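Enquirer: Got a structure for you, questions after.
Bear in mind that the values in this text are calculations on the coordinates, not laboratory data. Treat the numbers as computed from the prediction; the structure is a model and nothing was measured. All Cβ positions, glycine included, derive from the backbone under ideal geometry; neighbour counts span all protein chains shown.
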Amino acid sequence: MAAAVGLSGVRAVEPASTVTEDALVAEAIARPEAFGALYELYMPRVYRYVRTKTASAEEAADVTQVVFVKAMSSLSKYRAGRGPFAGWLFRIAHNAAVDTHRHRKPSLNWDDLPESIAESRNDSPEDLVLRRERLDRLRALVTHLDTNKRELLALRFAAGLTSREIAAVVGKGEGAVKKQLFRIIASLKEQYVEELD
């Protein structure tokens, strides 16, 4: 499965199957030059996740590079039985972002979210203005969430992780992650509708 390697215009990549993921990891452990396949598979998702925690695209690119250097140097420590590779990799990404910005409040850049909520080129100017206003209202609501809730949203929507993968990153059970995401989204919907009234 190919993924966009450039940092601009990053597109979503479907998560690899466990069999393929495990095979890629085993190959990269045996032959370090094979790590490139893991990089190509996960770089867009790691970059989008890190971008929600950085002030600029350049800073996100730097942190993304740190993530993959750490992952490559620590690959022999990964154990498939302890959870999915994506969870392990995004734990490294989380720690790298935290290390880089210990005192900075993370910012969620809505312009880097998946295309499914991005503006369509076929929209009329009025539709674009309305969509931008809706996103501004949503951005304001998300900004008021605590850091842990923003983290879950970033892992789910910017990084595209599954609940199982998020659970491995944050150290919670999959059921707890699903429940918390459901509650966060339900609360945001409720607040959003209240603002419209």
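Enquirer: Cα atoms only, region 19-61: Rg and Dmax in Å?
Expert: My reading of the Cα-based Rg and Dmax gives 12.9, 37 Å.
Enquirer: Can you give the FRET efficiency to the nearest 0.05 for ALA30 and ALA61, using r as the Cβ-Cβ distance and R₀ = 22 Å? Don't skip to the answer; put the middle values down first.
Expert: On the way: r = 29 Å, r/R0 = 1.31.
For ALA30 and ALA61, the calculated efficiency is 0.15.
Enquirer: Oh, and also: For region 118-197, what is the relative contact order in percent, using Cα pairs closer than 8 Å and at least 6 residues apart in sequence?
Expert: Reported as a whole number, the value is 26 percent.
Enquirer: Also, quick follow-up: Straight-line reach from LYS70: which lysines have a Cα under 19 Å away, not including same-chain ones fewer than 8 places off?
Expert: Counting by Cα, and skipping residues close in sequence, LYS70 has these lysines nearby: LYS53.
Enquirer: On a straight-distance basis, which lysines could pair with LYS178 in a cross-link, Cα separation under 19 angstrom, same-chain partners fewer than 8 positions away excluded?
Expert: Answer for LYS178, where 19 Å is the Cα cut-off: LYS149, LYS189, listed by chain and number.
Enquirer: How many times 2.2 N^0.38 Å is the alpha carbon radius of gyration of region 31-102? Mind showing how you got there, number by number?
Expert: Details: Rg = 11.9 Å, N = 72, 2.2 N^0.38 = 11.2 Å.
Normalised by 2.2 N^0.38 Å, the Cα Rg of region 31-102 equals 1.06.
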